[in-house]
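One structure below.
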Amino acid sequence: MKYFTCADDIGNIKAALQEAAEVKRDRFAFTELGRNRTLLMIFFNSSLRTRLSTQKAAMNLGMNVMVLDVNQGAWKLETERGVIMDGDKPEHLLEAIPVMGCYCDMIGVRSFAGLKDKNEDYEERVIEQFIRYSGRPVFSMEAATRHPLQSFADLITIEEFKTVERPKIVMTWAPHPKALPQAVPNSFAEWINKTDYEFVITHPEGYELDPKFVGKARVEYDRDKAFEGADFVYAKNWSAYADPNYGKVLSTDRRWTVDTKAMALTNNAYFMHCLPVRRNMIVTDDVIESPRSIVIAEAANREISAQTVIKRMLESL
Ligand code: AN0
Ligand code: CP
């Protein structure tokens, strides 16, 4: 595997989940694979889980790891070609990327959507430039429109907790005070669409996602109806995708907060969220602290999804 930015890059999902289970059974079985290999992790945005789990995954494989926070200590980078660089950014991505490629064997990139220009975000300009100019295998640690390491971990988690062959998965929008990207819900939908699970997406009107990601999911505007019989509830906030409101917060209606009453409509569903989560906006204390909340198991599986992906990349170096 040379690039990992979307669900298609993982190939057959059953094979990937099987490989992830093998990695989890013995995460130190491949410590020779990464010997004398260096991973460079580049963050344009903050992170807790991605940073720690990906570094841990690479260390499990015997790699050396370097982390660069672009906005803390590195030169600020211009990302647009053709700009007269007389502002606050002393370096261009077009030099910085091949330079970074000189020092490593593999690059992980986190670069969120700007939420101002839909085309710019949906063309994935930043990670695409890394793919084009670094000369190295590149994987996404959440780019503008997708968060595949998260979705892969989500699927691993569902696989571990499901008690029926085809569980009902409900992805629900929930309120948040600030505008967030559509990357996590887009990606979750893209990955669930690779399975034969029953899949329902629920959100207030105006929060429709790109149909390309919704795929074969059923969109249900009535949250109570959507929750009926759910085996897994996957909560996430996202900002509007549809024009003319791209990137805007249209509602902070706390009737959409996932609470005990809503969870009571489900088939004793497990509660999932990628974290970080704002309590009592997205989900109540009661629900996230309940025994049906699997958010920590989900976060733990980020190490496994990252290790499976990095292992495949090392194997094809
Ligand atoms: C980010 C987002 O919604 O994309 C990262 C989630 C993994 N969340 C925040 O910025 C709060
Ligand atoms: N879920 C996730 O990607 O968390 P971080 O933003 O903390 O990395």
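Every read-out reported here was derived from the displayed coordinates using simple, explicitly stated rules and does not represent laboratory data. This one's a predicted model, so the numbers in the text were calculated from it and none came from an experiment. Methodologically, a virtual Cβ is constructed for each residue, glycine included, from the backbone with ideal geometry; neighbour enumeration extends over all protein chains shown.
Scanning the stretch 114-173 for residues that are touching a Gly at 6+ places or on another chain (Cβ under 6 Å), within 14 Å of ligand 1 (Cβ to nearest atom) and farther than 21 Å from PRO244 by Cα yields a single hit, MET141.
Please verify whether ARG136 is of a type in the set (Lys, Arg), assigned to a loop (DSSP other than H, G, I, E, B), in contact (Cβ under 8 Å) with a residue 24 or more places away in the chain and touching a strand residue (DSSP E or B) at 6+ places or on another chain (Cβ under 6 Å), treating the condition exactly as stated. It is true that ARG136 is of a type in the set (Lys, Arg), assigned to a loop (DSSP other than H, G, I, E, B), in contact (Cβ under 8 Å) with a residue 24 or more places away in the chain and touching a strand residue (DSSP E or B) at 6+ places or on another chain (Cβ under 6 Å). Restricting the stretch 247-290 to residues that are closer than 30 Å to ASN119 by Cβ and among the hydroxyl-bearing types (Ser, Thr, Tyr), the residue that is nearest to ligand 1 (Cβ to nearest atom) is THR252. Kindly establish whether VAL233 is more than 16 Å from ligand 1 (Cβ to nearest atom), in contact (Cβ under 8 Å) with a residue 60 or more places away in the chain and part of a strand (DSSP E or B). For VAL233, the condition - more than 16 Å from ligand 1 (Cβ to nearest atom), in contact (Cβ under 8 Å) with a residue 60 or more places away in the chain and part of a strand (DSSP E or B) - is met. Filtering the stretch 33-56 to residues that are exposed (fewer than 14 other Cβ atoms within 10 Å of the Cβ), of a type outside the set (Gly, Ala, Ser) and more than 22 Å from TYR103 (Cβ to Cβ) leaves only LEU48. A Cβ distance below 7 Å, combined with a sequence gap of six or more or placement on separate chains, defines the contacts here; from the stretch 52-70, residues that are farther than 8 Å from MET41 by Cβ reach residues that are polar (S, T, N, Q) and surrounded by fewer than 19 Cβ atoms within 10 Å (Cβ to Cβ) in the pairs LEU61/THR31; GLY62/THR31; MET63/THR38; ASN64/THR38.
Within the stretch 162-177, one or more residues are assigned to a strand (DSSP E or B), of a type outside the set (Asp, Glu), within 16 Å of ligand 2 (Cβ to nearest atom) and buried (at least 21 other Cβ atoms within 10 Å of the Cβ). Checking each residue in the stretch 229-252 for being within 25 Å of LYS162 (Cβ to Cβ) and hydroxyl-bearing (Ser, Thr, Tyr) picks out only TYR234.
Within the stretch 263-287, the residues that satisfy the criterion of being surrounded by fewer than 20 Cβ atoms within 10 Å (Cβ to Cβ) and touching a residue at least 12 places away in the same chain (Cβ under 8 Å) are LEU265, ASN267, ASN268, LEU275, PRO276, VAL277, ARG278, ASN280, MET281, THR284, ASP286.
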